[in-house]
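Below: one structure, written as structure tokens.
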Amino acid sequence: MTTIPTNLIAPCGMNCRLCLGYIREKNSCPGCLKIDNQESQKAKYRTTCKIRNCEQITQGKTKYCSDNCDYFPCARLKQLDKRYRTKYGMSMIDNLKMINEFGIRHFIQHEKSKWICPECGEMICVHKPTCLSCGHKWH
């Protein structure tokens, strides 16, 4: 079964392991919490993301948007959540609430069972309607 390191859970609650930007081979994103010194190799969205670059996150006041933030959920997170609920059946806000209530390890176990291809057992990409491993359609 695929492992999901805790540093692949973004501050917004996105599981980077499910993101096409992380999965793709060419110009792949290392994940939102990956720390490296090679800015030129980072995905552009990662370096410009308003949530990842929020003052609360960058100053180390919080790891996830829902941790001790007076603005949770902020307008940007609500906008992102609405788009992902509508297009991909995923809620970043619900993800963050689960992390707060049950912890990151429980959330990761939940993700492993929720986002699995019923045909081949590999983790799927939230942005694609077919399994990238076997081609099984689920949408």
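Every number in this text was worked out from the coordinates using simple rules, so none of it is lab data. Note that the structure is a prediction, hence the values are computed from the model and not measured. Neighbour counts run over all protein chains shown; Cβ positions are idealised from the backbone, glycine included.
Tabulated results
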| read-out | value |
| --- | --- |
| Degrees between helix 75-88 axis and first principal axis of the chain (Cα, 0 to 90, nearest 10) | 10 |
| Order of 71, 88 - criterion: other Cβ atoms within 10 Å of each residue's Cβ, fewest first | 71, 88 |
| Cβ charges +1 (Lys, Arg) and -1 (Asp, Glu), total dipole of the chain, debye | 400 |
| Correct choice for Kirkwood radius over Cα pairs in Å that was computed from the model, options (i) 16.3; (ii) 15.6; (iii) 15.2 | (ii) |
| Rounded to whole Hz, the Karplus (6.51, -1.76, 1.60) HN-Hα couplings of region 100-107, x for glycine and proline | 5, 7, 10, x, 5, 5, 4, 4 |
| Residue exposure sequence - 102, 107, 72 - by fewest surrounding Cβ within 10 Å | 102, 72, 107 |
| Order of 105, 85 - criterion: other Cβ atoms within 10 Å of each residue's Cβ, fewest first | 105, 85 |
| Given 114/137; 87/128; 97/137; 87/114; 61/82, the pairs whose alpha carbons are separated by over 19 Å | 97/137; 61/82 |
| Those Cys residues of the chain for which no other cysteine Cβ falls under 4.7 Å | 12, 16, 19, 29, 32, 49, 54, 65, 69, 74, 125 |
